[in-house]
Structures are given as structure tokens and as C-alpha cells.
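**Student:** Here it is: the structure, laid out below.
The values are calculated or read from the model by the stated rules, or taken from the named source; none is laboratory data. In this text, all values refer to a predicted model and were calculated from it rather than measured experimentally. Cβ: placed from backbone, ideal geometry, glycine included. Neighbour counts: every protein chain shown.
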Amino acid sequence: MIGILIFWGLVLLYIIATYNILVVKRQHVREAWSDIDTQLKRRYDLIPNLVETVKGYASHESLTLEKVIEARAEAMGVKERGIDKAVKENMLSGALKSLLAVSENYPDLKANQNFIELQQTLADTEDKIQASRRFYNSTVMSLNSKIETFPSCFVANLFHFKKEIFFELNDADRQKMNEAPKVSF
């Protein structure tokens, strides 16, 4: 009788401990996503200033400027984390790379102190976004591993824990990111 009580007591303790671990891992994923959101907001706030600075020097580059503005609007429009958000953010990164490539053709723009500061801030923000993505993906991997491994998978299924989606590029986006930006006049 006591053996049975001890056994069920240990099972209950295991379920409670595993549940709490899963909750903590889920919160880490949410926190990591929040870090990405913070850096994306920072990038969104920089883009209008960057576009306005470039506009003054490269007014006939309106197509490139429009692509950046459009990509920013699309990226800001996706509120939920997941594949759509990753795709839109990667499109915005590509548009920004094109904008910065255009600036190479304007020596006065490249020498403008405001542009230099914006470019440095944007580069810093891009680095922080990449670090935030790596941290997010690491927390997702940790949660997903706990959800899928034996015996914690039983507790995860019992309490309806769901696997999270990694913030990653699909094959088409990965190919675009490896190509040099095309600039035409």
C-alpha cells in the first residue's frame, strides 16, 4: 500500500516538475520573441529617417525608396510570429540592402554625417535582430525538444503544449539573401 502511494506521489511530482519546466520554457520563447519585436520596432523607426536622408541626394531612386517603404509597411502589418513575419522581415532586409547599395553611387550622401549615423545605427540594429533571432530559435529548440522527448512528451500532450515555429528563411528567401543586390539606373 505504501509502495503504491510512493509510486503515485513520485509520478505526481514528476508531472508537476515537468509542467513547470514546460511553462518556463514557453515563457522564454515569448520573452525571446519580445526581444525580436523590440529590435524590429527600432528598425521600423529608423527607416523613415534613412529614406528621407537618401531622398535628398538620390531623388531619382524613387523605385528603391518605394520598395523600402512598402517592405516596411508589409513587415509592420504582420503582428503574429511565424513564417509570414519571417518572410516579410527578410524582404525588408533585402530592400534595405538595396537602398544602402544605391548610396554607394552618391559620394555626397556617403559623406553626410546624418546618413553615416543612421547607417551605423541600422547596422547595429541588424546585428541585434540577428542575435535576437538566434536566441529565439535556441529557446524554441529547447521547448520543442522538451515537448518531443520521452517521457516529458506525455505531460506536454496532457496539458496541450504546442511546438513553436523557428524564425528562419525558406529556400527562396535564403537564395535571395545570398545574391548581391541589383542596382540599375
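**Student:** Taking Val68 as the residue in question, decide whether it is touching an Asp or Glu at 6+ places or on another chain (Cβ under 8 Å), more than 23 Å from Phe135 (Cα to Cα) and at pLDDT 85 or above. Full working, then the answer.
**Tutor:** Values: touching an Asp or Glu at 6+ places or on another chain (Cβ under 8 Å): no; more than 23 Å from Phe135 (Cα to Cα): yes; at pLDDT 85 or above: yes.
Spelling it out, it is not the case that Val68 is touching an Asp or Glu at 6+ places or on another chain (Cβ under 8 Å), more than 23 Å from Phe135 (Cα to Cα) and at pLDDT 85 or above.
**Student:** Pairs only if they're at least six apart or on different chains, beta carbon under 6 angstrom, first in segment 47-64 and under 12 Å from Leu100 (Cβ atoms) and modelled with pLDDT of 80 or more, second surrounded by 12 or more Cβ atoms within 10 Å (Cβ to Cβ) and of a type in the set (Ser, Thr, Tyr); list them, first residue then second.
**Tutor:** Correct list of pairs: Thr64/Ser98.
**Student:** So, in segment 23-33, how many residues would count as being surrounded by fewer than 19 Cβ atoms within 10 Å (Cβ to Cβ) and either modelled with pLDDT under 95 or β-branched (Val, Ile, Thr) (or both)?
**Tutor:** Final tally of qualifying residues: 2.
**Student:** Of everything in segment 32-63, what is among the acidic types (Asp, Glu) and not in a loop (DSSP other than H, G, I, E, B)? Give them in sequence order.
**Tutor:** Asp35, Asp37, Asp45, Glu52
**Student:** Kindly list, by first and then second residue, each pair from a residue in segment 137-149 that is part of a helix (DSSP H, G or I) to a residue that is polar (S, T, N, Q), limited to pairs with Cβ atoms under 6 Å and residues at least 6 apart or on different chains.
**Tutor:** Lys146/Ser152
**Student:** Would you call Asn114 in a loop (DSSP other than H, G, I, E, B) and either surrounded by fewer than 20 Cβ atoms within 10 Å (Cβ to Cβ) or without any contact (Cβ under 8 Å) to a residue 60 or more places away in the chain (or both)? Give the derivation first.
**Tutor:** Working: in a loop (DSSP other than H, G, I, E, B): no; either surrounded by fewer than 20 Cβ atoms within 10 Å (Cβ to Cβ) or without any contact (Cβ under 8 Å) to a residue 60 or more places away in the chain (or both): yes.
So Asn114 fails the test.
**Student:** With the requirement that a residue be of a type in the set (Phe, Trp, Tyr), surrounded by 10 or more Cβ atoms within 10 Å (Cβ to Cβ) and modelled with pLDDT of 95 or more, what does segment 147-184 give you?
**Tutor:** Phe154, Phe159, Phe161
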